[in-house]
Number of protein chains: 2
Amino acid sequence: MLTRIDHIGIACHDLDATVEFYRATYGFEVFHTEVNEEQGVREAMLKINDTSDGGSSYLQLLQPIREDSAVGKWMAKNGEGVHHIAFGTADVDADSEAIRDKGVRVLYEEPRRGSMGSRITFLHPKDCHGVLTELVTSAPVESDEH
Amino acid sequence: MLTRIDHIGIACHDLDATVEFYRATYGFEVFHTEVNEEQGVREAMLKINDTSDGGSSYLQLLQPIREDSAVGKWMAKNGEGVHHIAFGTADVDADSEAIRDKGVRVLYEEPRRGSMGSRITFLHPKDCHGVLTELVTSAPVESDEH
């Protein structure tokens, strides 16, 4: 069961400049940064609020580290902007299987590693009215700052 | 001060079909529907979670009712997908003025009427790394179902 907006994934050309834009304009601070080699991105998570299911909602700023990464190819076509949205669930395995059974294409056979040790999968945007949609089960999270 | 992800605005060709996709696939229910003549859209708000600032996060599904509406023109170029993101604040007037003073273009001189009696404004996507960004101060909200 999907219980929160976990994050909005935003593709950018320059992660440091984009982080600085969000800090200077809105006061949003970096909660965590990492490089995900498998996804081919550098990323920064900005925590915006906590949610009623015990989780949090983030902006996830993504800079491709390879032109042939999924985000790199998307940016070559679309430029900077919202790349995907993600819903949080306590059980990404069960939810992704249930959604697959409804005929929506799930892009990974099994969930893979996402931000901050989470487990994630993606749904095909053509089956979701144009929205690349991620499902995520968080690991217990701790900010870089703590 | 922006204290939550208020909603993700998603443009669609057929509001009823898209509402049904979100209900059948994820179990998300319609919290509120309305027509905003000024914005030129029919819309449905799906409440996903409550937030730590006392507000809520929604998906906002938007179907243009005029081809020359902002959403209609955007869809003619981009098709269905994420149209904008919105941050919630207790004081859209003060925050939009502070952001304007930082050199970000604010699209309305004064905030206008948004979903469920809220007051909203938009920031120019070219000043926000490609993301059309809305600021919203909610009115006290009550679901259509209550």
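Brief remarks on what is shown
- Copy-to-copy label separations for A:ALA17, where each label sits 7 Å from Cα toward Cβ, in nm and ascending: 3.9
- Using a 7 Å projection from Cα along Cα-to-Cβ, the label point at A:ASP101 is separated from the same position in the remaining copies by 5.6 nm, smallest value first.
- Pairwise label distance in nanometres, B:GLU20 with A:GLU29, each label 7 Å out on the Cα-Cβ vector: 4.8
- Separation in nanometres of the label points that stand 7 Å from Cα toward Cβ, at B:ALA90 and A:GLU37: 4.7
- The stretch A:1-69: GluC sites (Glu not before Pro) in DSSP loop, at most 13 other beta carbons within 10 Å: A:GLU29, A:GLU37, A:GLU38, A:GLU67
- Directionally averaged shadow of chain B, computed from the convex hull of its alpha-carbon atoms, nm²: 8.6
- Sparsely packed chymotrypsin sites (Phe, Trp or Tyr not before Pro) within the stretch A:58-115, loop by DSSP, other Cβ within 10 Å at most 16: A:TYR108
- Area of B:VAL35 that stays accessible when all protein chains are in place (1.4 Å probe, Å², to 10): 80
- From the alpha carbon centroid of the stretch B:64-139 to that of the stretch A:23-54 is 22 Å.
- Pairwise Cα inverse-distance average, inverted: Kirkwood Rh of the protein assembly as shown (Å): 19.1
- Charges were assigned to the Cβ only: +1 to each Lys and Arg, -1 to each Asp and Glu. The resulting dipole of the protein assembly as shown about its Cα centre is roughly 720 debye.
- Here the chain A residue lying nearest the rotation axis onto B, judged by its C-beta and given with the distance in whole angstrom, is A:VAL82, 2.
- Inter-copy spacing of B:MET1 label points, which lie 7 Å from Cα along Cα→Cβ, given in nm from shortest upward: 3.3
- Viscosity 1.306 mPa s, 10 °C: Kirkwood-radius Stokes-Einstein D of the stretch A:54-97 over Cα pairs, µm²/s: 125
- Chain pair B, A: total accessible area buried, heavy atoms, 1.4 Å probe, Å²: 3100
- For the stretch B:18-58, residues shielded by at least 30 square angstrom of accessible area compared with the chain on its own, probe 1.4 Å: B:PHE21, B:TYR22, B:THR25, B:TYR26, B:PHE28, B:ILE48, B:ASN49, B:ASP50, B:SER52
- A 1.4 Å probe run over chain A, with the rest of the protein chains in place, finds 44 Å² accessible per residue.
The values are calculated or read from the model by the stated rules, or taken from the named source; none is laboratory data. Quantities reported herein were computed from a predicted structural model and do not represent experimental measurements. Glycine also receives a Cβ, built like all others from the backbone with ideal geometry; neighbour counts cover every protein chain displayed. Note: accessible area is taken over every heavy atom of the protein model, side chains too, but ligands, DNA and RNA are not part of it. Shrake-Rupley method; radii C 1.70, N 1.55, O 1.52, S 1.80 Å.
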